[in-house]
Amino acid sequence: MKVLIGVHQRLSAAIFLVALPVFPAVDGTVVNKTTGKPQSGATVTIYKLGQAGMESVESVKSGADGKFHLDQTPQGPHLIQTAFDGVTYNHMLPPGSDTTALSLEVYNSSKQPGSSRMARHFVIFQPNGAQMSVSEGFIYRNDGNTTYNNPDSGTLKFYLPVEAKGIAQVKATAPQGMPIDRAAEKTGQANVYKVDFPIKPGETDFQITYLVPYNSGAVFEGKVLNQTEEPTLLVVPDGITMKGDGLERKGQEPRSKALVYMVKSATYKVEIAGSMPAASADSDADSGPSLEEVSPKILQQNMKWILALAMGILVLGFIVLYRAQPGAPRVLTAKGPNDRGRR
């Protein structure tokens with residue numbers, strides 16, 4: 001009887017093991033695209049999507065031949081992140097995708113810009129009641145094979161008007177990444193802030209959004225701290241006018257009716273007048289407190305919906321006009337999640 005029971009238990013265990021789902025291991029090679037050779041010593045980590053966001057599952061180092069092997073493969077979407085030379089690189093693995101013989105690309109990094117350059121700068125103004133949302137976009141292009149990464153001085157510097165009271169929301173989008181929040185850090189220069197975010201080979205976008213007081217006829221002074229390949233574009237919604245020295249009108253986007261202007265000077269001053277039509281303006285904002293009466297904490301908490309209000313009216317139409325220009329790069333991207341940029 002004991003023998004029969006033992007046999008039954010072993011058979012039950014075998015059936016249970018066969019019934020368990022088998023998840024293949026993850027393996028491959030880390031390749032340094034700067035040198036063109038396999039890269040040793042890179043940290044490869046696999047993440048799964050959990051209730052708290054992306055959660056680390058397993059982490060290994062690539063060997064002398066650049067090869068790595070991860071035993072644990074979680075169910076559902078997961079991400080492989082490779083950290084090398086102070087920068088992380090993402091590789092998405094959708095469910096059902098091949099997990100073997102992967103080639104993960106990394107690059108050497110440098111504190112010098114190298115082939116990185118500012119390709120485009122644009123500013124979208126959205127007056128709303130007694131305040132105006134200003135959204136500045138910076139587009140970097142890196143056509144080289146080295147990542148520009150300078151945590152000390154930042155890879156992007158921007159001017160923040162004193163009226164913004166030092167409050168700005170910064171979102172950065174790396175190649176094959178999604179927009180993520182970054183900190184706007186003070187520098188030794190008045191009203192100049194820096195952003196610590198690596199400029200990888202490809203295209204990197206920054207979006208800076210802040211609030212300033214507004215009344216019809218208000219004067220806005222801006223500065224471009226980075227030399228750009230193309231003149232700065234200034235955009236206002238339908239019903240708003242803009243004038244100033246050196247300002248050249250480029251056209252009107254057909255669907256949103258947004259007006260697009262160009263300014264070549266690194267320092268510019270424009271007068272913005274008019275108000276949004278009742279159908280487009282937020283009725284609560286007209287009767288709400290002015291910018292001076294809103295504490296920085298409340299202002300930061302509401303930055304998300306203010307950004308949505310500003311961008312919802314203009315961005316889609318603006319992108320259409322912007323992309324229609326010869327050789328124009330994209331403005332916004334939506335790619336793999338959790339691109340943290342640095343370790």
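Of all residues in segment 145-160, at least one satisfies being of a type in the set (A, V, I, L, M), modelled with pLDDT of 95 or more and either open to solvent by less than 50 Å² (accessible area, probe 1.4 Å) or in a loop (DSSP other than H, G, I, E, B) (or both). Which residues, counting only those in segment 59-81, are surrounded by fewer than 16 Cβ atoms within 10 Å (Cβ to Cβ) and touching a Leu at 6+ places or on another chain (Cβ under 7 Å)? Within segment 59-81, just Gly76 meets the criteria.
Of the strands (runs of 3 or more DSSP E) that lie entirely inside segment 172-221, those containing 3 or more residues that are of a type in the set (A, V, I, L, M) span 202-213.
Could you say whether any residue in segment 82-102 is open to solvent by 10 Å² or more (accessible area, probe 1.4 Å) and under 27 Å from Val263 (Cα atoms)? Within segment 82-102, none of the residues are open to solvent by 10 Å² or more (accessible area, probe 1.4 Å) and under 27 Å from Val263 (Cα atoms).
Condition test on Gly177, is it out of contact with any Phe, Trp or Tyr (no Cβ under 9 Å at 6 or more places or on another chain) and farther than 25 Å from Val263 by Cα? For Gly177, the condition - out of contact with any Phe, Trp or Tyr (no Cβ under 9 Å at 6 or more places or on another chain) and farther than 25 Å from Val263 by Cα - is met. Can you confirm whether segment 169-186 contains a residue that is open to solvent by less than 60 Å² (accessible area, probe 1.4 Å), over 30 Å from Leu79 (Cβ atoms) and either more than 28 Å from the chain's Cα centre (by Cα) or not acidic (Asp, Glu) (or both)? No, every residue in segment 169-186 fails to be open to solvent by less than 60 Å² (accessible area, probe 1.4 Å), over 30 Å from Leu79 (Cβ atoms) and either more than 28 Å from the chain's Cα centre (by Cα) or not acidic (Asp, Glu) (or both).
Condition check ((1) open to solvent by 20 Å² or more (accessible area, probe 1.4 Å); (2) modelled with pLDDT under 95) across all residues:
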position	(1), (2)
Asn215	yes, yes
Phe220	no, no
Gln227	yes, yes
Glu230	yes, yes
Val235	no, yes
Thr241	yes, yes
Glu248	yes, yes
Glu253	no, yes
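The values are calculated or read from the model by the stated rules, or taken from the named source; none is laboratory data. Quantities reported herein were computed from a predicted structural model and do not represent experimental measurements. So basically every Cβ, Gly included, is an ideal-geometry build from the backbone, and we count neighbours across all protein chains shown. Quick note on the areas: whole protein, heavy atoms, side chains included, nothing else; ligands and nucleic acids left out. Shrake-Rupley method; radii C 1.70, N 1.55, O 1.52, S 1.80 Å.
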